[in-house]
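A quick write-up on the structure given underneath.
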Amino acid sequence: MVRALAFGLALLALFPVAASAHGPTRQKVTETVEINAPPEKVWEVIGNFQDMSWHPAVAKVEGEGGNAVDATRVLTLGSGGTIAEKLLKYDPDKKSYKYEITDVDVRVLPVNNYSSTLSVKGEGGTSVVEWRGAFYRGFMNNDPPPELSDEAARTAVTGVYRAGLDALKAKIEAGG
Amino acid sequence: MGAHIERLWWALGLAALALSGALAAGRPAVTEAFVTNQSADTLSIVELASLKVVQTIEIGGKPAGIAMSHDGKLAFVTAPEGKELIVVDAAARRVARRIKVGRGPLGVAAHPTNGQVYVADWYAHKIFVVDSKTGTIGAQVEVGKSPSGVAVTPDGRLVLSADRDSNEVSFIDAATNRRVGGTMVGERPFGITIDAEGKRAYTANVGSNDVSVLDIASGKVVATVPVGRRPYAVALAGGRAFVTNQYASSVSVIDLASLKVVATVDVAEYPEGIAADPDGAYVYVACWFDNMLQRIDVAKMAVTGAADVGDGPRAFGLFLR
């Protein structure tokens, strides 16, 4: 904890604009999964902003405001890190919600200004779940170190989406 | 005498016809959109009549900002990662010149008459004044922190920059290239647009989710209008302002007389650059996530067409010609 704080302070001292500036190149990631289940059933599992139990990396969710716009949640990961998020849009008719990360350590997820949409579409017994994210890399100035590069950010977000979507498919198709 | 009068009437009739035509058409019609695709490192040229890409030009350096010369012959593209201003021959559809500029060039605007191009540098906190004919950098004007959008008044007297991390608009005298004043606006102003009369400027404030309306002569904010989440840029058409809201995936429509939002148009995901047809019939919006240039019909207040462009369109600036 002390080390994390020291690391953070050192970063801030080196790059005082990092907290507020907004690097020039935003990244995006879209991942999808097809699930053999009706979209209504999939939405029952993923459509509650306060429940991320379907994602294997998330150990705990604590939040306020339910599914109302501006609702908040804090995800505690199995690895111990936390991600604070806020609901931006919630559309049960389109089976879609959009949220942003309000606070995360770049060592937990190497991104800044992250927003994301989770949605499910489909008909009959087949659904496609889509998870899209827009974000900047962890390092907000020119010439990032490799662990805070554009590629590192895309790899990390892709990993989060893939793990969640694949687990969701397995869970629902197993009858969970 | 009779023939003379007849000729006079004929001439008057022609003049009236020409006048009504000019009024109906407003300024010259535009036919193409130049869309910077940041993720793809390209520029898409979209024919507006068919909404088809007619040419894709390799740019490199993660292109974002765009401006057109007053005569429409040149397009000016900024590449923040390449740290370049790229001059494109618009008719020949090829890169004419590449100019190294600063540390993070973003917003760009062209002067109506003197051939100067103003480039806002995100990291250097300056406006670089580039001569488009020689490709040389003249003045470097110190402004606030992280200038993003830049615009020139139609009379060419003033250059305004939206200094994002100072929450301020800088006023630069174009004759002397000196900063002559500043006005505090909303939080994190990004795009800045000046009206055709040169009376007012509008900033989209990413941090406070509103638009600041500035009276240019007095340098005062006359209104602050709440819009959707993460507003990015503003276009003006038909007595209204159209504001892209990145997080809301919508365009807020502000009536310029009452300075109230009168409609919200849903668009594709992550709308960014927005520009109006000079006759005010259509507004075009680059939707960054969905790789699309959408057309909004100003009278209908609805999306009536779209062109598929390259990956990550930003089109930050005046991108029509």
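The values are calculated or read from the model by the stated rules, or taken from the named source; none is laboratory data. If you're wondering where the values come from, they're calculated on a predicted model, not measured in any experiment. Cβ sites come from the backbone with ideal geometry, for glycine too, and all protein chains shown count toward neighbours. Areas reflect the complete protein model, heavy atoms only, side chains present, ligands, DNA and RNA absent. Shrake-Rupley method; radii C 1.70, N 1.55, O 1.52, S 1.80 Å.
Taking B:Pro105, is it closer than 19 Å to B:Leu74 by Cβ, touching a strand residue (DSSP E or B) at 6+ places or on another chain (Cβ under 8 Å), surrounded by 21 or more Cβ atoms within 10 Å (Cβ to Cβ) and within 14 Å of chain A (Cβ to nearest Cβ)?
yes
Scanning segment B:178-237 for residues that are in a loop (DSSP other than H, G, I, E, B), in contact with a Phe, Trp or Tyr (Cβ under 8 Å, 6 or more places away or on another chain) and small (Gly, Ala, Ser) yields a total of 2.
Each row is one residue, and each column tells you yes or no for (1) basic (Lys, Arg); (2) within 22 Å of B:Pro63 (Cβ to Cβ); (3) surrounded by fewer than 19 Cβ atoms within 10 Å (Cβ to Cβ); (4) more than 14 Å from chain A (Cβ to nearest Cβ).
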residue	(1), (2), (3), (4)
B:Lys220	yes, no, yes, yes
B:Ala241	no, no, no, yes
B:Ala248	no, no, no, no
B:Val261	no, no, yes, yes
B:Asp266	no, no, yes, no
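Considering segment A:80-126, the residues that are open to solvent by 20 Å² or more (accessible area, probe 1.4 Å), outside any strand (DSSP E or B) and of a type in the set (A, V, I, L, M) include one that is farthest from A:Gly66 (Cα to Cα), namely A:Val106.
Just one residue in the set B:Ala120, B:Ala96, B:Ala91 is in a strand (DSSP E or B) and either in contact with an Asp or Glu (Cβ under 8 Å, 6 or more places away or on another chain) or more than 14 Å from chain A (Cβ to nearest Cβ) (or both); that residue is B:Ala96. Every condition in (1) more than 14 Å from chain A (Cβ to nearest Cβ); (2) at pLDDT below 95 is met by B:Thr113 except one, and the failing one is (2). In the set (1) acidic (Asp, Glu); (2) within 14 Å of chain A (Cβ to nearest Cβ); (3) crowded, with 17+ Cβ neighbours inside 10 Å, the condition left unmet by B:Asp277 is number (2). Of the candidates A:Thr76, A:Thr72, A:Thr155, the single residue that is at pLDDT 95 or above, within 15 Å of the chain's Cα centre (by Cα), within 22 Å of B:Tyr270 (Cβ to Cβ) and away from every other protein chain (no Cβ under 14 Å) is A:Thr155. Which of (1) among the charged types (D, E, K, R); (2) part of a helix (DSSP H, G or I); (3) at positive phi does A:Asp70 not meet, given it meets every other one? Just one mismatch for A:Asp70, condition (2).
All of B:Gly181, B:Gly156, B:Gly186 fail the test of being more than 20 Å from the chain's Cα centre (by Cα), open to solvent by less than 40 Å² (accessible area, probe 1.4 Å), more than 14 Å from chain A (Cβ to nearest Cβ) and without any contact (Cβ under 8 Å) to a residue 60 or more places away in the chain, apart from B:Gly181.
Among the residues of segment B:108-126, write down those that are among the aliphatic types (A, V, I, L, M), under 10 Å from B:Ser146 (Cα atoms) and buried (at least 24 other Cβ atoms within 10 Å of the Cβ). Hit for segment B:108-126 is B:Ala120, nothing else.
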